[in-house]
Amino acid sequence: MNQLKTAFWMAALTVLLVLTGRLLFGDAGTVGFLGLAIVMNGVAYWFSDRIALAAAKAREVGPAEAPMLHRLADRLAIQYHVPRPRVFVSPDPSPNAFATGRNPSHAAISVNQGLFQILDEEELYGVLAHEFAHVRNRDILISSVVAVLAGTITLIANVAQWGLMFGGYGGRDDRDRGGAGGLVVGLLTIILAPIAAALIQLAVSRSREYEADHTGAEVSGDPMALASALRKLERATQVVPAQTGAPAFAHLYIVNPFRGDALARLFSTHPPIEDRIRRLEAMAAGVRR
């Protein structure tokens, strides 16, 4: 099922780019943006994990540098029956974590430095169990492809903005009409592209976060540890927003790394923390019974 969803988002990326090229630059844009779509789909599949890790400025660490992290990762790899992902640490002081990669055999988990400052070992174990759930459920490829799609939509908005400034829209017909059609398309692209990117991230991320919470708490056997970690992360990221990363990769993280106002929270890539904690507390009550 996840393979089909990945193919769908790759096809959506292709259609989006081809239509945008056609509307903005005519026939030449159709051909040029089709080539760009092929390149971007290849990048999304093969290199999106490297891009995400580079955006986070994450560095791979060995057992000698992060013994507890590796010990917990080894334990979870056995519990989840997956190869142990490569382990990375980002220097970001904002506490957070994410998983990426094209499949469980080529996965990586990145932990922000700030995470070690506020979580105890049980809470860290809950966070890692959540990220391992993304790996086992093969969410990581879909999330990575969507990250590239969101980044591409942002790029299109930037192209539209520059095109609007320099009057480079449309084919010959648009220019003969004074560029009115291209102007409208450019303005709509600039306004709607960021909203479209946020909605796509939202559609892909929210249900997967609930599922990863449930799976992680089930495997770790301690839903309250993950609930406690989420509560701490939510508070801490409001005080110390992400110093690294990029908005296109926001949905990869266990909590939204970027602080926002009420409107931004409405289009947040993550479900409300209160709802996630409530579900975990219900799980914990069931475990106790």
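The values are calculated or read from the model by the stated rules, or taken from the named source; none is laboratory data. Just so you know, these numbers come straight off a predicted model, no measurement behind them. Here the Cβ positions follow ideal geometry from the backbone for every residue, glycine too, while neighbour counts run over all protein chains shown. Quick note on the areas: whole protein, heavy atoms, side chains included, nothing else; ligands and nucleic acids left out. Shrake-Rupley method; radii C 1.70, N 1.55, O 1.52, S 1.80 Å.
Filtering Ala236, Ala229, Ala147 for residues that are open to solvent by less than 50 Å² (accessible area, probe 1.4 Å), over 22 Å from Pro247 (Cβ atoms), modelled with pLDDT of 75 or more and in a helix (DSSP H, G or I) leaves a single hit, Ala229. In summary, Glu274 fulfils each of the numbered conditions (1) open to solvent by less than 80 Å² (accessible area, probe 1.4 Å); (2) in a helix (DSSP H, G or I); (3) at pLDDT 85 or above with the single exception of condition (1). Taken over segment 1-29, the criterion of being more than 18 Å from the chain's Cα centre (by Cα), more than 16 Å from Gly151 (Cα to Cα) and open to solvent by 40 Å² or more (accessible area, probe 1.4 Å) is satisfied by Met1, Leu4, Leu19, Arg22, Leu23, Phe25, Asp27, Ala28.
Residues in segment 41-54 that are among the hydrophobic types (A, V, I, L, M, F, W, C) and crowded, with 18+ Cβ neighbours inside 10 Å: 4 in all.
All conditions in (1) at pLDDT below 95; (2) within 20 Å of Ala282 (Cα to Cα) hold for Leu263, with the sole exception of (2). Scanning segment 82-120 for residues that are touching a helix residue (DSSP H, G or I) at 6+ places or on another chain (Cβ under 8 Å), closer than 20 Å to Gly221 by Cα and free of Cβ contacts under 8 Å to residues at least 60 places away in the same chain yields Val82, Arg84. When each of Ile78, Ile38 is tested for being closer than 22 Å to Val127 by Cβ, of a type in the set (Val, Ile, Thr) and open to solvent by 10 Å² or more (accessible area, probe 1.4 Å), the lone residue that passes is Ile78.
Counting only residues that are closer than 22 Å to Val240 by Cβ and in a strand (DSSP E or B), segment 72-97 holds 4 of them.
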